[in-house]
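Trainee: This is the structure, below, for whatever I ask next.
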Amino acid sequence: MFVRTTIMIMRLCVLIVLILGILFWTDVAGGPLILLHMGLGILIALLLVILGCVIAIVKKGRNIGLAIGAFVLAICMVALGLGQRSILATSPLHWIIQVVHLLLGLLALGIAEMIAGRYKRLQTVAA
């Protein structure tokens with residue numbers, strides 16, 4: 001139940017962050033919505049770390065590599081998100097940083113889905 005709730009919250013947060021990111025990218029929105037985008041992004045990273053810890057703690061089928069990968073991805077995602085404005089900001093190549101930021105966010109959801117699916121399979125096998 002915990003993993004299911006966590007992944008559902010993460011899916012909702014990713015959807016909201018993705019919509020806000022598209023609005024920022026197209027210069028439709030800005031201002032205080034950027035803080036919402038950043039806050040939800042940090043929440044996504046925390047949820048990813050929590051899911052990584054769950055898969056590391058599960059006794060059968062423990063996958064430390066997946067847990068470490070989730071942790072490293074969360075750190076990279078937050079670091080790039082917070083430093084995004086200063087990386088290549090004056091260069092016309094700044095769009096590369098934006099695309100990498102988007103891909104890291106989508107990768108975070110993919111890793112979270114992998115962890116939730118693995119946990120569900122382990123629970124089914126145990127039952």
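Trainee: Cβ contacts < 7 Å: first residue closer than 21 Å to V17 by Cα and open to solvent by 40 Å² or more (accessible area, probe 1.4 Å), restricted to the stretch 83-103; second residue part of a helix (DSSP H, G or I) and of a type in the set (S, T, N, Q), any location; separation 6+ or different chain. Result?
Mentor: Sorted first by the residue in the stretch 83-103, then by its partner, the list stays empty.
Trainee: I need a count of the residues in the stretch 111-127 that are loosely packed, with under 12 Cβ neighbours inside 10 Å and either of a type outside the set (D, E, K, R) or in contact with a Lys or Arg (Cβ under 6 Å, 6 or more places away or on another chain) (or both).
Mentor: 4
Trainee: Looking at L40, L80, L48, which one is touching a Cys at 6+ places or on another chain (Cβ under 7 Å) and within 18 Å of L109 (Cα to Cα)?
Mentor: L40
Trainee: Additional query: Consider A108 carefully, then state whether it is in contact (Cβ under 8 Å) with a residue 24 or more places away in the chain and open to solvent by less than 40 Å² (accessible area, probe 1.4 Å).
Mentor: For A108, the condition - in contact (Cβ under 8 Å) with a residue 24 or more places away in the chain and open to solvent by less than 40 Å² (accessible area, probe 1.4 Å) - is met.
Trainee: Do we find a residue being open to solvent by less than 80 Å² (accessible area, probe 1.4 Å) and within 24 Å of L20 (Cβ to Cβ) anywhere in the stretch 62-69?
Mentor: For the stretch 62-69, residues open to solvent by less than 80 Å² (accessible area, probe 1.4 Å) and within 24 Å of L20 (Cβ to Cβ): absent.
The values are calculated or read from the model by the stated rules, or taken from the named source; none is laboratory data. Small disclaimer: the values here were computed from a predicted structure and weren't measured. Positions of Cβ are generated from backbone atoms using ideal geometry, with glycine treated the same way; all protein chains shown enter the neighbour counts. Keep in mind that these areas ignore ligands, DNA and RNA; they rest on the heavy atoms of the full protein, side chains included. Shrake-Rupley method; radii C 1.70, N 1.55, O 1.52, S 1.80 Å.
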